[in-house]
Structure formats: structure tokens, C-alpha cells
Amino acid sequence: DAYTTPSKGSQKRNITTPENPRSKRTLSTRSPHLVFSPNSFSPSATPSQKYGSRSNRGEVVTSFGSLQDTSWSGKGGHGSSVKLFGPPEQSLTKSYKFMFQKLRDIREVLSWKIDELGDALKKHYKIEEFTSVLVPAQEPVTVLGQIGCDSNGKLNAKSVILEGDREHSSGGQVPVDLSELKEYSLFPGQVSILSLQGVPLPFYQSTEQVEDLELQMVLVACGPYTTSDSITYDPMLDLIDIINKDKPDVCILNGQLIGSFEDIFKHCLKMIIEGTRSAGSQLVFVPSLRDVHHDFIYPQPPFSYELSKDDKQRVRFVSDPCTLAINGVIFGLTSTDLLFHMGAEEISSSSGVSDRFTRILKHVLTQRSYYPLYPPSEEMNVDYENFYNYVPLPVTPDVLVVPSELRYFVKDILGCVCVNPGRLTKGQVGGTYSRLYIQRQDTEEERKSPCIAAQVVKI
């Protein structure tokens, strides 16, 4: 008796049936033709007060280019061509099995990356031969390798090492003394020939003759698409209203599209597609590692969703990252916050005014990769076999979209227009989206950026 549990019969709560039982199948019993509204997600959802009371909606917070006084409107996708850039084998179009990679395979991919970028730099700078990092030398020599850290901690000016390439240095490591350098910018995983700058890929030069050289409007937005204190998706509703009003030719919608599970995701996706059907805009959906229902792997395959026959012509699901050709203008797209990841690891010194965003974006273009950081951020789950196939930049894009938690911007970096549209929502308040005017140039003219103008706008 000493080990028995005291009786609590008098404390038990009576089990009763509610007078007005609520169906657990509310979502699936709604009409598929129900107008897109907060109630379609949760009948008892409360709108965000901070978001609803904002006073700066539609405010332009940053601008780029020459057409600042123009009215922003498109032709609703009329005459727009959106397709994956390059041969089919260079684009990730379906899911794949992961969690099977071996350390040896990762090492192979990293070695190939060093070798390929080293060959490009050797050709550009007309270098005769690389020297091993392990061979003592009194005269200046040229060595090739990858920047790393000599410990498990964060990279700093005292912990930098250069891991030599496999062919010339057998992967040997030497410490790097930065004490005499006035200017440098380094991050883990950076392939480098010390004392020389990296070289970006050439831009794509199409040989096709295009009759339609009219302006095309592209809208870019990045989730979350609802505030943190509400599930009414009012910001998404406002974005759909903007699409229907301005009729952009192409809308690029980056994850996190829905931070929820698959049935709600599909319901929401259906509402976006149907809600913008009258506008006619081409829709491009880019997944995110924050989409909890989707594969948590990088590179990330496209969303899987069954489209109707009418929508297949204007809706496209792409991978993260991917390279698109929009009427011959090359767009580089990713949902991964590489600015935040690389900014946390980069070390730099500059004698003048140095812009961190510019430095990082130059690294991305000259390292020729959508994600040159190694080791990757702890929140990343990278499959290196597919990383080698799908993450390198095929060309320097005309426009590079790099959504980030960091401040929005539009910058011209080495001839590539780089855009951080910001997040559509920031916690409990409204965020920003971006709009661009692009115009493909005549192939016979000297190259000019096809991005005529761009703005970042408050939702």
C-alpha cells in the first residue's frame, strides 16, 4: 500500500460532448472556388493590428536606374518567355535521395571546385605554373588553395590557413600571415590565388534575333507572407492586389512561401494561382529551406504541385538555386540567405570606405557559385554531389536576386544588378518587395545592363 498512487477520483474532469462540435475537416470541406480571404485559412484568425495600422504602404525606399518617374505597370505576361537557362542536365527539376553521401565524396567535390576555378584564374592571369604550399621558397611564388580556419572557432586574422590544391600541394596546409596587408577580404571556403583577385564568368550573349525588345516588368517578393502574430495572410492578399493592379509580366515568389504543412501549403498555392489568373502574369515559385513541408536539403528541388492545363503555361516551379532566362535576360535566383551566412564568417580590412554587401556579392560572382561558403552555415543541409551539378553559376547573371534578413538594396556589382527585395513581412510589421524593368538589348550593340530600373517598395 505504501507504493500505491493516491486516489484522485474527486479531481477528475468530467468528459462531456461539446454542444456545438466543430468539424475537424473544415479546410477540406470548403468550396475550391471560395474567394481568397483570411477565413479560408482560419475562421477565428485575428488580423495583425500593427500590420493593419501601417501608414507607409507603397513607399519607395530605394531606387536604381534612370526611369524613376515612370508608372510601374506591365502587360500581364503578354509576350513574356520564362525558361530555365542552359542544357536540361544543369537544372534541378525533381526530388532526389539524400543523406547517403560519404566524406570522400565531399572531399572530391571540394577538390574539383578548387581545380576548376584555379584553371580559370591561371588562364586569365597567364600563370605558368602553381607552386606547392609545402615547398619553402625565398622568391615570390604563386600558390592555389582554399581559405580555412586552423580551429573549430570563427575565422579571424590570426587563424587563417591556406589549404593547397590536391595536384600541386596534396592538400597541405600553411598558416597565412595577414599582418602586413592593408586590405583583404576572406571567408572560409574561398578559392584563392594569394595576391590576385577572382574573375567573374562572362555574361551570356545570345545569338538569337528577338523582334520584341519592349520593357518587361518583373516583381520579386520573398516570404514570410504573413506576420508573426497572425495567420490571416493579409500581406499575401495585398501582394495579390498589387499583382492584379500593376499586371507585372513576371512575378518571382521566393520562399518561405508557407511556414506550415503540406495541405495548407497547397491550399494557399491554389489561392495565389487562382487569385492572379485575371492578371495573366507569369508566376515563378522558388522554394526555401524554411518551407517546413518541403525537402530540407540544398540544393533544393522544386515544389511538387499538380497544375491545371490552363495554368501550366504561366506557372513554373524551380529549384533553389536556379538560373532563368526571362525574354533573354538572365536571372540568378536563390532563397538562401547567403548574405547573412557569409557576412557572419567573412573577415576584412580596408583603408577606405568598405561596403560589406558589395564585398560579399563580389565573392559570389568571382567564386562563380551561388553558395561559396565552406563549411556551410549550421542551418544548411548540403548534398555535395548535387551541389557540384546545380550550385555553380553557369554565367554571370544580368540580375541576381539575393533575399536576406539584412537591409534591402539594389546594387550594380561587376555589371550584374544584385537585388535584395527584403522580406514581405518583418515580424509583426509589413516589409518590402521589389520591382524591376528589364529590356533585352540588341545583340549587335555593346553590352549594357538589361535592368533599366529597379525599386524596393513597402507592401
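The values are calculated or read from the model by the stated rules, or taken from the named source; none is laboratory data. Fair warning: this is a prediction, and the values are worked out from it, not measured in the lab. Please note: Cβ atoms are built from the backbone with ideal geometry, for glycine as well, and neighbour counts cover all protein chains shown. For the accessible areas, the whole protein counts, side chains as well, though only heavy atoms, and no ligand, DNA or RNA atoms are used. Shrake-Rupley method; radii C 1.70, N 1.55, O 1.52, S 1.80 Å.
Across region 413-430, what is the total count of residues that are open to solvent by 10 Å² or more (accessible area, probe 1.4 Å), touching a helix residue (DSSP H, G or I) at 6+ places or on another chain (Cβ under 8 Å) and under 15 Å from Thr396 (Cβ atoms)?
Of the residues in region 413-430, 1 are open to solvent by 10 Å² or more (accessible area, probe 1.4 Å), touching a helix residue (DSSP H, G or I) at 6+ places or on another chain (Cβ under 8 Å) and under 15 Å from Thr396 (Cβ atoms).
Output the residues belonging to region 304-322 that are in contact with a Pro (Cβ under 6 Å, 6 or more places away or on another chain) and either within 23 Å of Pro375 (Cβ to Cβ) or crowded, with 22+ Cβ neighbours inside 10 Å (or both).
Those that are in contact with a Pro (Cβ under 6 Å, 6 or more places away or on another chain) and either within 23 Å of Pro375 (Cβ to Cβ) or crowded, with 22+ Cβ neighbours inside 10 Å (or both): Val318, Ser319, Asp320.
Kindly establish whether Ser348 is closer than 23 Å to Gln146 by Cα and either modelled with pLDDT of 95 or more or within 17 Å of the chain's Cα centre (by Cα) (or both).
No, not satisfied.
Go through region 87-115 and give me each residue that's under 29 Å from Val284 (Cβ atoms), part of a helix (DSSP H, G or I) and either of a type in the set (Ser, Thr, Tyr) or not assigned by the TED database to the domain that holds Val395 (or both).
Val109, Lys113
Under 8 Å by Cβ, and 6 or more places apart or on different chains, what pairs join a residue from region 269-298 that is on the phi > 0 side of the Ramachandran plot with one that is not charged (D, E, K, R)?
Gly280/Gly76; Gly280/Gly77; Gly280/His78
Scan region 177-207 residue by residue and report those that are within 24 Å of the chain's Cα centre (by Cα), aliphatic (A, V, I, L, M) and modelled with pLDDT of 90 or more.
Answer for region 177-207, where residues must be within 24 Å of the chain's Cα centre (by Cα), aliphatic (A, V, I, L, M) and modelled with pLDDT of 90 or more: Leu186, Val191.
Condition first: under 26 Å from Gln441 (Cα atoms), among the polar types (S, T, N, Q) and open to solvent by 10 Å² or more (accessible area, probe 1.4 Å). Can you find one or more residues in region 329-341 that meet it?
So far as region 329-341 goes, no, none of its residues is under 26 Å from Gln441 (Cα atoms), among the polar types (S, T, N, Q) and open to solvent by 10 Å² or more (accessible area, probe 1.4 Å).
Strands (runs of 3 or more DSSP E) wholly in region 343-447 with at least 3 residues that are closer than 22 Å to Leu253 by Cα - which ones?
In region 343-447, the matching strands (runs of 3 or more DSSP E) lie at 399-401, 409-413, 416-420, 432-438.
Conditions (1) in contact with a strand residue (DSSP E or B) (Cβ under 7 Å, 6 or more places away or on another chain); (2) open to solvent by 40 Å² or more (accessible area, probe 1.4 Å); (3) of a type in the set (S, T, N, Q); (4) assigned to a loop (DSSP other than H, G, I, E, B), marked per residue:
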site	(1), (2), (3), (4)
Glu274	no, yes, no, no
Ala279	no, no, no, yes
Phe285	yes, no, no, no
Leu289	yes, no, no, yes
Asp295	no, yes, no, yes
Leu324	yes, no, no, no
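Looking at (1) out of contact with any Leu (no Cβ under 6 Å at 6 or more places or on another chain); (2) among the β-branched types (Val, Ile, Thr); (3) under 24 Å from Ala325 (Cα atoms), find the lone condition where Val395 falls short.
Checking Val395 against (1) out of contact with any Leu (no Cβ under 6 Å at 6 or more places or on another chain); (2) among the β-branched types (Val, Ile, Thr); (3) under 24 Å from Ala325 (Cα atoms), the one that fails is (1).
Answer yes if at least one residue in region 239-247 is within 19 Å of the chain's Cα centre (by Cα) and open to solvent by 50 Å² or more (accessible area, probe 1.4 Å), and no otherwise.
Checking region 239-247: not a single residue is within 19 Å of the chain's Cα centre (by Cα) and open to solvent by 50 Å² or more (accessible area, probe 1.4 Å).
Rundown of residues vs (1) open to solvent by 50 Å² or more (accessible area, probe 1.4 Å); (2) in a helix (DSSP H, G or I); (3) within 30 Å of Gln216 (Cβ to Cβ); (4) at pLDDT 90 or above, yes/no style:
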site: Ser71; (1), (2), (3), (4): yes, no, yes, no
site: Lys75; (1), (2), (3), (4): yes, no, yes, yes
site: His78; (1), (2), (3), (4): yes, no, yes, no
site: Gly118; (1), (2), (3), (4): no, yes, no, yes
site: Ser132; (1), (2), (3), (4): no, no, no, yes
site: Val135; (1), (2), (3), (4): yes, no, no, no
site: Ala157; (1), (2), (3), (4): no, no, no, yes
site: Glu163; (1), (2), (3), (4): no, no, no, yes
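On the basis of being more than 14 Å from the chain's Cα centre (by Cα) and either charged (D, E, K, R) or open to solvent by less than 10 Å² (accessible area, probe 1.4 Å) (or both), does Ile452 make the cut?
For Ile452, the condition - more than 14 Å from the chain's Cα centre (by Cα) and either charged (D, E, K, R) or open to solvent by less than 10 Å² (accessible area, probe 1.4 Å) (or both) - is not met.
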